[in-house]
Structures are given as C-alpha cells and as structure tokens.
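Reviewing the structure listed below.
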Amino acid sequence: MLEDCSLAILAGGMGSRFGGSDKQGALIQGVPLGRRVALNALTSGLPVTLVGLQRDIYHGLPLRFIHDIVPGYGPLSGLHAALVYSTTPWVFLLACDMPYFDLHWLSYLSSLVDSPDDLALSLAILAQRESYVEPFQGLYSRSLITGLERKMDNSGVTGEKLSFSGLLGDLPHTRVPEAVARRFSPDWSLFLSINDVSALEAFQGGLTGEAL
C-alpha cells in the first residue's frame, strides 16, 4: 500500500567521476540534477527524505534532510540512515543522479507488499535484469535494519567491502522479473544513473524539450 511507503534520495559520494564536482548540482535544462530527482519524487505525494549534506540546490522543497549514522559503507550507509529515520514501514530508494521516476512502478511494488504469498517475508523488492539486481528504484523494509547493521559490523571486522548484493545474498528479498519491470520501463531508462560526465552529455544530447 502506498501509504506504507516513503521515498529516500541518496545524495552522497565524492563526485570523482564528475571531475571532483558534485553531480547533483549538474545542470539539466537549467535545473540541478539532484533537484530534478527531488521534484520527481515529490510528485508521489509521499514523504521524501534526502540523505546527504547538500542543501542549497534543494532550497524551498518540502524535503526532510538527514545524514549517515554509520558512515564508511557508501550507499549502504545512506540506506541504513533512511531506514532508521523512516516513519513508514517501507522506503523507496532513489539516487540523486537518477533523472526518472514512475509512480506506477512504485505503486506496483507497493502492491506486492500485501501479496498473500511469501512476499510478506521479503525485506526488499527490487527489479532484476539478467543476473543483476537493481538496488535503486526499489523498496526496502525497515525490518532490514537489524540484518544490515549485522553485516556492517561484520564487514568492519573482516575488512571486506559490503555491497548491495552482499547485503541481500542470504536475506529474504523479492526479485521482480525483467519482463515485468520492462512493462513500466521498456528501455530500462527508469534505472538510468548519470554517474559521470559522458553519461551527462549523452543524456543532455537526448533531450528534446523534455519537461521535468
């Protein structure tokens, strides 16, 4: 159910692939990329949280701002903070470099939460493309917090880098088949991330007067 969901935008990172500049501030049709992402998310009518330190480009938007509680684990630190601070049972995860959002996709994922089968046990509901699971544009349950903190602790002891696939490996989660996800995004653009300068240039080149 949508009322059980909120949205979180991860806005951290060092911008190393953007020549050291902050990618969320990259202008697309005169609008900073991060602000575009936030504006898209706000069309959902649901609470939207931004996990990061940047504030200026989001001025005037009704966002909740938080920061990592346990830094050092990259986007998983952001996910952890989003889940801990969430006021809803489920969090839909976005990144500040993902220019598209589809409320129909979020509505579909939220409808699976109430499914009478084993989905009720899932800690995350994510799209799968071939063997890869998309970590963003997906739903995460607050019930994942304990497992995430345990794996962060273990990673801190072993020195092994923790990834989304490592997090979900032995935890119950649901993978939406690619064929189903493509009903909402036939070209997979919903999962596009503009994470370097070449991707930004290609995206800008493909815009033809497109509105936010």
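Bear in mind that the values in this text are calculations on the coordinates, not laboratory data. Just so it is clear, the model here is predicted, and its values are computed rather than measured. Glycine gets a Cβ as well: all are built from the backbone with ideal geometry, and neighbour counts include every protein chain shown.
Worth pointing out:
- Over all other residues within a Cβ to Cβ distance under 13 Å of Gly25, the charged ones net out to +1, with Lys and Arg as +1 and Asp and Glu as -1.
- Built amide H within the under 5 Å cut-off of Arg64, gap 5+: Val48, Thr49, Leu50
- Cβ-derived FRET efficiency at R0 25 Å, Leu121 paired with Val70, nearest 0.05: 0.45
- Each of Asp102 and Thr88 was given a label point 7 Å from its Cα along the Cα-to-Cβ line. The distance between the two points is 1.9 nm.
- Computed from backbone phi, the HN-Hα couplings of segment 194-202 come to 8, 9, 8, 5, 5, 5, 5, 5, 5 Hz, rounded to whole numbers (Karplus: 6.51 cos²θ - 1.76 cosθ + 1.60, θ = phi - 60°; Gly and Pro given as x).
- For peptides 79-88, 163-172, sequence by mean Cβ density within 10 Å, most packed first: 79-88, 163-172
- Stokes-Einstein diffusion coefficient of segment 2-201, Kirkwood radius over Cα pairs, 4 °C, 1.567 mPa s, in µm²/s: 75 µm²/s
- Under 5 Å from the amide H of Ala127 lie the amide H atoms of Glu134, Val176, each residue being 5 or more positions distant or on a separate chain, with H modelled from the backbone and absent for Pro and chain starts.
- Förster-model FRET efficiency, 41 Å R0, Glu201 and Ala179, C-beta, rounded to 0.05: 0.85
- Point-to-point label distance, Leu61-Asn154, nm (Cα→Cβ direction, 7 Å offset): 3.5 nm
- Length-normalised contact order for segment 2-201 - Cα pairs under 8 Å, 6+ apart - percent: 24 percent
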